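S.K.: Structure in structure tokens, see below.
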Amino acid sequence: MKNEATYWITLAHLPKWGFGKINALIVRFFHEEKISIEDFFNLSESDWSKRYMLSASDIQALQNAKSELPNNAFLAESLLSQGYQMVPITSPEYSRTLKLNLKATQSPSLLYVKGNRDILHQPSVAIVGSREAAGKSMGFADNIARLASKEYKVVVSGFAKGIDKQALDSAIHYKGQSIIVLPQGIATFNSGFKTYYKQIVDGDLLVLSTFPPKAGWSVPLAMARNPIIYGLADEIFVAESSEKGGTWAGVVDGLRKGRKILVRYPDPGEKNANAVLIQKGGIPVDFNGTEIQNHSFTYPLVISPQASRSLDLQADIPDRIVSALNGKPLTPLEILDICKLNISVGKLMTLLKGMELIQSQKYGKTTKYLLKSRLSAPEQKELFT
Amino acid sequence: MTLRQELEEKLKSLFKLDAFYDDQWNTIERIMKGERVLLIEKTGYGKSLCFQFPAILFDGTTVVFSPLIALMRDQVKKLNSLGIPAKCINSEQSPEENSQIIAAAKLGEVKILYIAPERQENSEWIEATRLLKLSMVVIDEAHCISVWGHDFRPAFRRIINLVKLLPAGLPVLATTATATKKVEADVASQIGGNITILRGNLLRENFRLYVVKVKSEDEKLLWLGQNLDKIPGTGILYTGTRVDTEIYAKWFEYLNLPVIGYNAGLDADSRVAVENGLMDNRWKCVISTNALGMGIDKPDIRFIVHTQIPQSPIHYYQEIGRAGRDGKPTWIILFYNPEDRRLPLSFIEGGRPSVAKYQKVISVIRNELLGEREIARKTNLKQTQIRVIKSDLIEQGIVREVMLGKNKRFEYINQAPALDPRFFEELRASKTSDLDHMIEYVDTTQSRMKYLCNFLGDSMCSEFKNCDNTGLKKIQVVYNEEWHQKLREFREDYFPILEVISKDSSIVNGVAASYYGFSNVGATLHRCKYVTKEEFPDFLLNLTLKAFRKIFGREEFDLVVYVPPTTSGDLVKNFAVRLADLLKIPISHDLVKIRPTSEQKAFENGVLKSDNVKGAFSFVNAQLLSGKRILLVDDIFDSGATVKELGHLFTNFGVEKISPIVIARTVGGDLV
């Protein structure tokens, strides 16, 4: 694999392609045609067009990518020399859990990792929650991490303040194994590699990123990281969620994808949205993470008006947008109109950017949104299992 | 018109050359098809043309990795004079200058960019490569890739990794003048990718090879003293150690021969000055360790003398290969005293630290992310040994070198394999065998050129008549009493310099009465300090006085100060009192230790030695020191850490000048 790193970096970050489209191409050349990524890049344009049914613009994108191979070779060398490894989706080292959860449409085509890669194949739990969490929620995160470590389960952490950090610290404290899923490129995490040197040397930690290696932290990356955390985990525990923000968005997204999400059952009077998530389909669990059977809230739920509104409003917006776009590209104003949405254009744009299925395209001076084009080859799920 | 003819027309207009040699053309043809080539041709053949020419035809920038700054400079100068946009990036240029060149390269304004392999560690450069349009990669001095070669350089490891990651179709050219079959195979397999190997013949017809067997160091000095001036032209004399470089240079200076010393320890400006002077024939001879000359493009180096036998025929071929590129007669002289074998042997055997030391380094790196200085602190190993260990551990995939910001750190690789000492044994055996072959070269009665060519895997050589076994007269060492006397006088008048001068200190370079290992100086010191505890004898005092007169005789001093002892009582104090008395300079007893220190010899590296003495001294009546000129006395100068520390202390107290004088200076840790 080492010698292919250049090609994988080049393919994984093809501008505007998205994981679904890239993975569909990988399925074609790797599983169906059984050729290496290097051979694929060395095919003629006519092969790309005839055998792979790629459009002229896709071929152009691949040609542009190809001209960057020498440059990416320098990048790949510098990454490898720093001990970062690249695990493409075709590799047996790639996390099966991640593939199973995110499918070919949403699995990242390439993982950048440093540390013990065997950890990717252990049973795993994610412990997520708010950055501002305290008290009982932090205790819950600690307790779940303790139990996970005891049962040789890996703790997946997003390395955010609050619950994520607590879960990681606890896993380390209880000598368990963990995965840090970075909200940034892997080459920008020097201080972390210094802090967790011993854990990495001892094989107890894997640091993972799916972003271009030198990308700095940003809100969109932090949001895009959430599905990876959920995808890497066999079980998902929510310690505490407010009614907006990363945890909320992540859990709602997870529930929509049909994941089983375990939510800490809140005490009376707790000011958070745990109860709302339970109502939404989250499974209530006690302090030890055990499911609470036949629960019914014996005390009045504290749901802020804001939370209930956003629950009603946001839940089906993405679906409504997708169906609205099923056909032709639209401007944001057209989307608001067709979907009868009562939100600002700015808010809509943020929402659109966060949606995996949607891409933007310039038409003269106006930007329109459309569903990502799919390759003609049918998706072959069994090849990714 | 064939493609070759067509391009030869271009060659005329671009390089003012008429035609390609066949191997040049073979190489260029393959390069232009995007292939990988390893080209082995002797020095002066015209290897550079094989990448310079296609680089101009290609769209984009060709990056040339070269370990030799002097060579980069020469080639850039030459290309620029032909109107070809070439630049080099190296550590001797300012960061601003390098940044400008990188910026120009990003804009496509540089056709050929020379760069040191170490630059691959520089983040600015790696960033720049994101925007560079790369047309070809060249690895100059490609034997540096192989641990089986004579000049393995760890920085080349990353270049090999880069080459492995380059896409197929991007041409890669590796060139070297010196590769045995084993090195050739190693380099080719490391570069990989269906590489083609082109090897020319290595014969140098214009060389006149001599071996002079002697019985002592004196015989070398005597013959050279008598004859150096008689060898035509200008040349290079290689010694085995830096100290020998100094001694030979001083000996020739003593005889009023125009020579200059050179070693890798010189600062960049001095090195450039010597290299330029060599080009301009400013001296009869440059006396140097083998750091000089690699890649210097001077066609008329007329002679190369070795006073110390090199480690292997390949080292030797490489070093003499720098001479006589113009094809005119060139004198190649090797001195050999059977005792000389000890030095290369000690590099081979002693150069490899014990397995326990490797384990020590592994265990500290396992616990913490460390830099080289911290490793030195935590292991108390010599820095040279740490470098060897580090390089081997990287080679074995046990540790890796990472950049943390601008700092290099060494990290243990998760799930690393165990240390494999067999590899070192194999390497050591191979090097010992190479040394045996070098001695065989001395003893052979056959053609010497043929011997070298065969060793290097070139079997094409026919019979030659260009050595003292095949037609040339043998060199005999003969000398008379007059010369003997001259050498004696030189020895008695020669005092080692203590190089301690620094920008932020008022200390000046000092002097030692002798080297520790010379005659019986070291032995006497050792006996007085550790066995008899008697005062240092008069002959040491007289020798020190002589050194003082020669170096500081015309200077005024206000005060003699001596270094307070660690364990050896008042020996240094009493010695300083006697010295001050004879020099009629007041002595001060006010320099004291404010905390106990250990004996410096307990520490193996400079980092710990300077930690040991840092802040350990004070001066009782410091207010008296302002504007004073101090003669600072000690018995032995080893790393110089104590003297430098005192230099800083006195500088802080306003002392105008600190001049150190010691009885003996050690050479590379011979203190026991």
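The values are calculated or read from the model by the stated rules, or taken from the named source; none is laboratory data. Fair warning: this is a prediction, and the values are worked out from it, not measured in the lab. Virtual Cβ from ideal backbone geometry, glycine too; neighbours counted across all protein chains shown.
S.K.: Failed condition for B:TRP148, given (1) touching a residue at least 24 places away in the same chain (Cβ under 8 Å); (2) within 9 Å of another protein chain (Cβ to nearest Cβ); (3) surrounded by fewer than 23 Cβ atoms within 10 Å (Cβ to Cβ), with all others met?
M.R.: Failing condition for B:TRP148: (2).
S.K.: Restricting to the range B:173-198, what's the tally of residues that are within 14 Å of chain A (Cβ to nearest Cβ) and in contact with an Asp or Glu (Cβ under 8 Å, 6 or more places away or on another chain)?
M.R.: 1
S.K.: To continue, here is another question. Quick check, is A:ALA61 within 12 Å of chain B (Cβ to nearest Cβ), farther than 30 Å from A:ASN274 by Cα and not in a loop (DSSP other than H, G, I, E, B)?
M.R.: no
S.K.: If you go through the range A:95-113 one residue at a time, do you hit one that is within 14 Å of chain B (Cβ to nearest Cβ) and charged (D, E, K, R)?
M.R.: no
S.K.: Taking only the range B:260-290 into account, find how many residues are polar (S, T, N, Q), on the phi < 0 side of the Ramachandran plot and surrounded by fewer than 16 Cβ atoms within 10 Å (Cβ to Cβ).
M.R.: Matching residues across the range B:260-290 total 2.
S.K.: While we're on this one: Take A:ARG117 and tell me if it is more than 25 Å from B:ASN122 (Cα to Cα) and within 11 Å of chain B (Cβ to nearest Cβ).
M.R.: Considered against the rule, which asks whether it is more than 25 Å from B:ASN122 (Cα to Cα) and within 11 Å of chain B (Cβ to nearest Cβ), A:ARG117 comes out as yes.
S.K.: Quick check: anything in the range A:36-48 within 22 Å of B:LYS164 (Cβ to Cβ), touching a helix residue (DSSP H, G or I) at 6+ places or on another chain (Cβ under 8 Å) and either more than 14 Å from chain B (Cβ to nearest Cβ) or of a type in the set (S, T, N, Q) (or both)?
M.R.: The answer is yes; a qualifying residue exists.
S.K.: I'd like the full set of residues that are farther than 24 Å from B:GLU141 by Cβ and of a type in the set (Asp, Glu), limited to the range B:2-57.
M.R.: Residues satisfying the conditions are B:GLU6, B:GLU8, B:GLU9, B:ASP18.
S.K.: Please work out if A:SER218 is surrounded by fewer than 24 Cβ atoms within 10 Å (Cβ to Cβ) and farther than 28 Å from A:VAL252 by Cβ.
M.R.: no
S.K.: Right, another one. Which residue, of B:ARG352, B:ARG322, is surrounded by 21 or more Cβ atoms within 10 Å (Cβ to Cβ) and of a type in the set (Lys, Arg)?
M.R.: B:ARG322
S.K.: Restricting to the range B:575-610, what's the tally of residues that are within 23 Å of B:GLU534 (Cβ to Cβ), modelled with pLDDT of 90 or more and either of a type in the set (D, E, K, R) or not assigned by TED's automatic domain parsing to the domain that holds B:LYS533 (or both)?
M.R.: 2
S.K.: Keeping to the range A:279-293, report how many residues are in a helix (DSSP H, G or I) and under 22 Å from the mean Cα position of the chain (by Cα).
M.R.: 1
S.K.: Considering only the range A:64-84, state which residues are aliphatic (A, V, I, L, M), touching a strand residue (DSSP E or B) at 6+ places or on another chain (Cβ under 8 Å) and more than 7 Å from every other protein chain (Cβ to nearest Cβ).
M.R.: Within the range A:64-84, just A:LEU79 meets the criteria.
S.K.: So, of the residues in the range B:107-145 that are of a type in the set (Gly, Ala, Ser) and surrounded by fewer than 18 Cβ atoms within 10 Å (Cβ to Cβ), which turns out to be farthest from B:SER430 (Cα to Cα)?
M.R.: B:GLY108
S.K.: Pick out, from the range A:131-222, the helices (runs of 4 or more DSSP H) lying fully within it that include 3 or more residues that are away from chain B (no Cβ under 14 Å).
M.R.: A:135-150, A:163-173
S.K.: For the range A:237-247, give me each residue that is crowded, with 24+ Cβ neighbours inside 10 Å and either part of a helix (DSSP H, G or I) or under 14 Å from the mean Cα position of the chain (by Cα) (or both).
M.R.: Passing the criteria: only A:THR247.
S.K.: For B:LEU257, state whether it is assigned by TED's automatic domain parsing to the domain that holds B:TYR336, more than 22 Å from B:ALA70 (Cβ to Cβ) and buried (at least 16 other Cβ atoms within 10 Å of the Cβ).
M.R.: yes
S.K.: Next question. Within the range B:317-365, which residues are of a type in the set (S, T, N, Q) and more than 30 Å from B:TYR45 (Cα to Cα)?
M.R.: B:ASN337, B:SER346, B:SER354, B:GLN359, B:SER363
S.K.: Can you confirm whether the range A:13-23 contains a residue that is at pLDDT 95 or above, crowded, with 22+ Cβ neighbours inside 10 Å, more than 27 Å from B:MET136 (Cα to Cα) and away from chain B (no Cβ under 14 Å)?
M.R.: Yes - at least one qualifying residue is present in the range A:13-23.
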